[in-house]
Amino acid sequence: MADEQGNLKFVIAGVGGAGCNSIMRLKDTSFRQTSFLAINTDKKQLDLISNAKKLLIGKAFTKGLGAGGDPSIGQKAALASEKEIKKELEDADLIFLITGVGGGTGSGASPVIAQIAKENSEALVISFCYFPFKLERARIKKAQSAVAKLSDYSDTLILIEHDKLVNWAENVPINEAFKLADDVAAKAVEGILHTLLEPSLINLDFADLSAITKSKGLGMISYAQDSGPLKVHSLPEKALNNPLLEVDFSKASGALIHLTGDESLRLGDATEICEKITEKLSESASVCWGARIDQNKTDFIEALVLFTGVPSPLLLDPEKYNPNIL
């Protein structure tokens, strides 16, 4: 593990179909100290990726044709490729693991990959997990079981539920809605890395990130942007009312906030926004935040908010889980 921020090693790993889609959404992003890794049992999808190192797992028995929706195949594929996975994650300090659950590769391979990360690199593991629609009954059971396993090896596991995404983007064409889903994790990763690695109005350091996310369990995410003369005052309400954040965040143990604004953004504005976003948290909650100026933007401000240590029915015992309570 590196002891200076300038020497830290970051890995962004997309696992399975949804994870690899998010990796492709990051194709225009370049960060120093950061490597991109696409992991899948499906060779066709890996062939579409040009911005990351590709790792085809379990090829001896899947023949590169995918896991067929069977999590046990995804798990076996990851275990069969354990040596290669270890090599790619070696010496990483921070691993962003992006995946979807309910199918075969994401559900089966992601917990194994997260376990390898924790046991062999001692990395901080932040997982972004796409959860299927409630109507997908068989996939829901697979997904809920996978979430429970993945949470065991993730410092923070951030759930992005497709049902809530629909509420957020209900008037958007379906292909655009799924692109928006891919963007959620991509924006979160970009926001965190921007404040870690680039000069900002307020920088976030690795110790801050660790304090908010290490061993915190479930996390939920919100994103909002605004413009106009009242944008500083209206942005907090937009962020807190985002359908992606339909949980009791007042019980969160921590919050991480990343702001991006145009050149008119002032320190006082950023402080006001963060105070309003976190005012319902308990006095014992840990809060860290970063803010940066984007010189290419005008009349613009956005907030990415991550609450950690929040309760959710998605982590109940799989045998007792009822999708109707979501």
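For residue 290, the amide hydrogen comes within under 5 Å of the amide hydrogens of 257, 258, 259, counting only partners 5 or more places away or on other chains and with H modelled in the peptide plane.
Answer rounded, prolate or oblate for the stretch 8-154, using the Cα gyration tensor with square roots of eigenvalues a ≥ b ≥ c: rounded when a/c is under 1.5, else prolate when a/b is larger than b/c, else oblate. Cα axes put the stretch 8-154 in the rounded bin. Measuring between their Cα centroids, the stretch 112-132 and the stretch 20-86 lie 14 Å from each other. Other residues with beta-carbon under 11 Å from the beta-carbon of residue 298 carry, at +1 per Lys or Arg and -1 per Asp or Glu, a net charge of -3. Only Lys, Arg, Asp and Glu carry charge here, each on its Cβ (+1 for the first two, -1 for the last two); on that basis the chain has a dipole of about 1340 debye about its Cα centre. Distance from the alpha carbon centroid of the stretch 183-200 to that of the stretch 226-277 works out to 16 angstrom. The fewest-to-most ranking of 126, 160, 98 by surrounding Cβ atoms within 10 Å reads 160, 126, 98. Dividing the summed helix terms, -39500 (n - 2.57) for each DSSP H run of n ≥ 4, by the number of residues in the chain produces a 222 nm estimate of -11500 deg cm²/dmol to the nearest 500. Among 25, 266, the ranking by other beta carbons within 10 Å of each residue's beta carbon, starting with the fewest, stands as 266, 25.
Under the definition of Cα pairs under 8 Å and six or more residues apart, what whole-number percent is the relative contact order of the stretch 218-308?
On the way: 170 pairs, mean separation 44.3, N = 91.
After rounding, I find 49 percent.
The residues packed around residue 41, meaning those with a beta-carbon under 11 Å from its beta-carbon, carry a net charge of +3 if Lys and Arg are +1 and Asp and Glu are -1.
Pairs of Cα atoms nearer than 8 Å and 6+ residues apart set the relative contact order; for the stretch 104-251 it is 24 percent. Rounded to the nearest 10 degrees, the inclination of helix 267-278 to the longest alpha-carbon principal axis of the chain is 60 degrees.
Can you give the Rg to Rh ratio of the chain, both from alpha-carbon atoms, with Rh computed by the Kirkwood formula?
0.95
If you line up the long axis of helix 174-197 against the longest principal axis of the chain, both from Cα atoms, how many degrees apart are they, to the nearest 10? The angle comes out near 70 degrees.
Taking other C-beta atoms within 10 Å as the exposure proxy, 258, 233 rank 233, 258 from fewest upward.
We did not get these values from a lab; they are worked out from the coordinates using the rules stated. The shown structure was predicted, so the numbers you read here are calculated from the model rather than taken from an experiment. Glycine also receives a Cβ, built like all others from the backbone with ideal geometry; neighbour counts cover every protein chain displayed.
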